[in-house]
1. Extending each Cα 7 Å along its Cβ direction at residue B:94 and residue B:427, get the distance between those two points in nm, one decimal.
2. Could you work out the relative contact order of chain B? I mean the mean sequence separation of Cα pairs under 8 Å and 6+ apart, divided by the number of residues, in percent.
3. Can you give the Kirkwood hydrodynamic radius for the stretch A:123-237, in Å, rounded to one decimal and based on Cα pairs?
4. Provide a whole-number value for the mean count of partner chain Cβ atoms within 10 Å of the Cβ atoms in peptide A:145-152.
5. Show me B:211-224, A:268-281 ranked by packing, highest mean number of other Cβ atoms within 10 Å first.
6. Grab the beta carbon distance between residue B:104 and residue B:372, set R0 = 56 Å, and tell me the FRET efficiency rounded to 0.05.
7. At R0 = 56 Å, how high is the FRET efficiency between residue B:263 and residue B:43 if r is their beta carbon distance? Nearest 0.05 is fine.
8. Comparing A:79, A:88, A:267, which has the greatest mean-square fluctuation in the GNM of chain A with Cα pairs linked when under 10 Å apart?
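Please treat every number below as a calculation from the coordinates, not as lab data. Since this is a predicted model, take the numbers as computed values, not measurements. Every residue, glycine among them, receives a Cβ derived from its backbone with ideal geometry; neighbour counts consider all protein chains shown.
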């Protein structure tokens, strides 16, 4: 029974990778074929290099790309749920599971934000990074579905890790948007935006959006850290022990707290705020990669 | 102080420093510094977590270790420089929050400001012709929506969203409470470890611990007098991955020597609780039970000897010291719950459960050095001054005989490591955390805003103003305008 579900889960994860690959190709096609090549008439005038972008030309493929992301999301959801059923618990007991669930959270954050904002330009990046995360998960991080070690057998696993995954997904989305802000800002400083970047939101929107995402998810991250402390108190005999993962979670918390203060109290906007946001997000990413793969301490459940 | 600078005096200097310390920029810098200062402790081994790695570091690179030690890099989180940063940060925080608390208290008792003369300059201004009794309706609407109102001649000034600053202040004060809880716990707390064989009893007195540390203001006399009898320990492992799946420890506890015994079960996530002291199941291993006889067959030692696990399959090492034999005997041993590969170099266990147990022993004779007063580990024997007798691998029930006597590997029993922790500050830290989260939510998701309604000769005007250009004010004003009878 449980092995069957593990196989089914694997098939779903592999299929979602296939669909995300198609979504990636569709998004790439969307951008590439929106280029309007210069007409012969223009070339006669000598301005062969003027390229324009016309996204109405690729509207159909863009819709297909978004549909692919949604389909990939559904397949991945089935894969994650199947993994949970096969193990008879929540699907985040090791690094493989954390990664596929994290990829799911990231896709959910993107699709959720897409309903409200025109973020389709992020699709190329989202499908690529989901593809890379899943690729690493199935090749490097894969471990057979198995029950948990005793320390993880606690209702706090559901609360602590799910909130950490959601916070991570949203932090990374805020990071990507802050990165896009910096890129477009330097582009605008040099002159006009490149044709393909013209449909991207205004700098002000990006600046606000990355702030809103952080402000929205910071209490959740705080809660996740506190839930972890409560769990550590019952499993390890102390609520805070400066274990490497705890230390980096603290650093991430401090960095985002500084970001929020800088914005709300000191009034930072634009480039400085974006850099601080990216710094804070990198501490989260570093925690995820370093502590799980090379790190020591009590949070090493990756089986690597 | 140079000639050109004006004399500001000690008080002036102190005031200047206080202003600098409590400024937002300083707080921000301190906050970022705290984050950066926490980094080295995640790369360099820390005494509180991994004392063995620290002593290994001293052994492999002594010069670097000495320099690290000078900067407290093995105890980052209790180091003077780390403490300096967070103490300054908290002083700065208190210096910032206290005056704001008084201000906020005063502001929350004051009336909203007078309606501005020119409402059309405010946000979301709207104007229409009405009936003239809109002020009555507006007052009711503001009351229903819990605005604080100030009634003026021909207008109402209303204000809402004080929860934002209240939440903000509670959040910061709660951080102070967390810090107090942490300090209280470390001053009045204790932590100890004891290895207890199944069938033995643990009594909460200093002598029964293998390691024990007290907070500065707590001493051994205050240990609660409970006892724990270890009845049974069952470990379940996954046959495919060898990973543990469940540990169940059955115990009989007594709160005091006089109280009635109570049977209890301990698991990794459910410790025993005695007031503010909790007892955790932290590790487990095996104790081979051996009988050592001297050359004429008298029993010189008999009993279980805890061996320490070296890997996840519980390959364990230990030492058996027999000072009562003549001459003294010592055995350096390895215990394999399920023996796998075995050669002259040693063996390795392939499964953590005792399916095919084997005990490897190296026998030594000579002066064990137990009487020279120098403390030594019970898990190791310094064999430098001893004479080697030989090596032998034993299954349960087998005996190794040699000229000086014999050793019999009778059987084995599991042991558990009980960790006893007293932390009276943790409930304050938890309370602080809960208040901090609630305060944070209140401050991030409410917004302070003002709305004005003015009625002059049936000419109705509504406008508002929100701090941080928060969204939602437009809707609120539209709702109010609808309530006041403005046509869509």
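1. About 2.4 nm, to one decimal.
2. Details: 923 pairs, mean separation 92.1, N = 488.
19 percent.
3. Values: mean 1/r = 0.0581 Å⁻¹.
When all Cα pairs of the stretch A:123-237 are included, the Kirkwood radius is 17.2 Å.
4. Working: counts 0, 5, 7, 5, 8, 12, 6, 2.
Taking all residues of A:145-152 together, the mean is 6.
5. Details: B:211-224: 13.4, A:268-281: 19.8.
Result, highest mean Cβ count within 10 Å first: A:268-281, B:211-224.
6. On the way: r = 68 Å, r/R0 = 1.22.
That pair, residue B:104 with residue B:372, gives E of 0.25.
7. Once rounded, the FRET efficiency stands at 0.75.
8. Evaluated over chain A, the most mobile residue of the options is A:267.
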